[in-house]
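The values are calculated or read from the model by the stated rules, or taken from the named source; none is laboratory data. A quick note: this is a predicted structure, and the numbers were derived from the prediction, not measured. No Cβ is skipped: glycine too gets one built from the backbone with ideal geometry, and neighbour counts run over all protein chains shown.
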Amino acid sequence: MQYSVTFRHMEPSDNLKDYSHDKLLRLEKYLDAVIDAEVTMTVDKFRHRAEVLITSDGLKIKAEEETEDMYSAIDAVVDKLEKQIKRHREKLKDHKAGAGKRSLRADAAGAAPSKEEDDDHLPIDRRQTVTPPKMTVEEAGAELATGQSPQVIFINRENSRVSILHQIQGGQLELVTIEA
């Protein structure tokens, strides 16, 4: 972490400098790239202001906090930064989740993925409702051969059961039939 501290209208303090550095170190776990932190501590009468600008891999985050004590101002500004970084990471995570291939056969079924609240015990990022088309195993194999999806979910015309056809190691096909 590259780190610089500026004191305005107050005497420089190694204790404050070390304290702010230690607090900012906890932000490194949220950012992958090298962090450049610029800290400005200002005192105006009884108001103690801490301002921090963090730059990391093109991301710039700024926060400031004003209290009656410089140590509490540093704590509050680091909490604000932590919230902003977490929010930014969630936006990236949500953006990347929708960019990949859709699981199941949502393309053919016409269903779109939907974001719902997480269950109590499982952190589910996406949910889909799929209406599988009716087809034979041969038709499912032909659709799997197009390479649009790693698996095909369908209702087997021969036994009217939901089935999944997918390719396993060695290029072999596996047919999974679901019984209710």
For Glu51, only one of the following conditions fails: (1) in a strand (DSSP E or B); (2) at pLDDT below 95. What is its number? (2)
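Residue by residue, here is whether (1) closer than 30 Å to Lys93 by Cα; (2) in contact with a Pro (Cβ under 7 Å, 6 or more places away or on another chain); (3) free of Cβ contacts under 8 Å to residues at least 24 places away in the same chain; (4) β-branched (Val, Ile, Thr) holds:
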| residue | (1), (2), (3), (4) |
| --- | --- |
| Pro123 | yes, no, yes, no |
| Lys134 | no, no, yes, no |
| Gly147 | yes, no, yes, no |
| Ile153 | yes, yes, no, yes |
| Asn159 | no, no, yes, no |
| Leu173 | no, no, no, no |
| Val176 | no, no, yes, yes |
Filter region 75-95 down to the residues that are more than 19 Å from Lys29 (Cβ to Cβ) and within 19 Å of the chain's Cα centre (by Cα), then identify the one that is surrounded by the fewest Cβ atoms within 10 Å (Cβ to Cβ). His95
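Every residue, every condition in (1) part of a loop (DSSP other than H, G, I, E, B); (2) at pLDDT below 85, yes or no:
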residue: Asp118; (1), (2): yes, yes
residue: Ile124; (1), (2): yes, yes
residue: Thr129; (1), (2): yes, yes
residue: Gly141; (1), (2): no, no
residue: Val152; (1), (2): no, no
residue: Ser160; (1), (2): yes, no
residue: Glu174; (1), (2): no, no
Residue satisfying all of: in region 34-44; surrounded by fewer than 17 Cβ atoms within 10 Å (Cβ to Cβ) and within 27 Å of the chain's Cα centre (by Cα); farthest from Met10 (Cα to Cα) among these: Val34
Across region 122-141, what is the number of residues that are surrounded by 12 or more Cβ atoms within 10 Å (Cβ to Cβ) and out of contact with any Ser or Thr (no Cβ under 8 Å at 6 or more places or on another chain)? 9
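In this structure, is Glu68 farther than 30 Å from Pro123 by Cα, out of contact with any Pro (no Cβ under 6 Å at 6 or more places or on another chain) and of a type in the set (Asp, Glu)?
yes
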Those residues of region 45-74 which are touching a His at 6+ places or on another chain (Cβ under 7 Å), of a type in the set (A, V, I, L, M, F, W, C) and surrounded by fewer than 18 Cβ atoms within 10 Å (Cβ to Cβ) amount to Leu59
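Would you be able to say whether some residue in region 77-99 is of a type in the set (Asp, Glu), modelled with pLDDT of 90 or more and either in contact with an Asp or Glu (Cβ under 6 Å, 6 or more places away or on another chain) or not in a strand (DSSP E or B) (or both)?
Taking region 77-99 as the starting set, the residues that turn out to be of a type in the set (Asp, Glu) are 79, 82, 90, 94.
Checking the rest, the ones that are also modelled with pLDDT of 90 or more come to 79, 82.
Of the ones still in play, those that are also either in contact with an Asp or Glu (Cβ under 6 Å, 6 or more places away or on another chain) or not in a strand (DSSP E or B) (or both) are 79, 82.
Yes, region 77-99 has at least one match.
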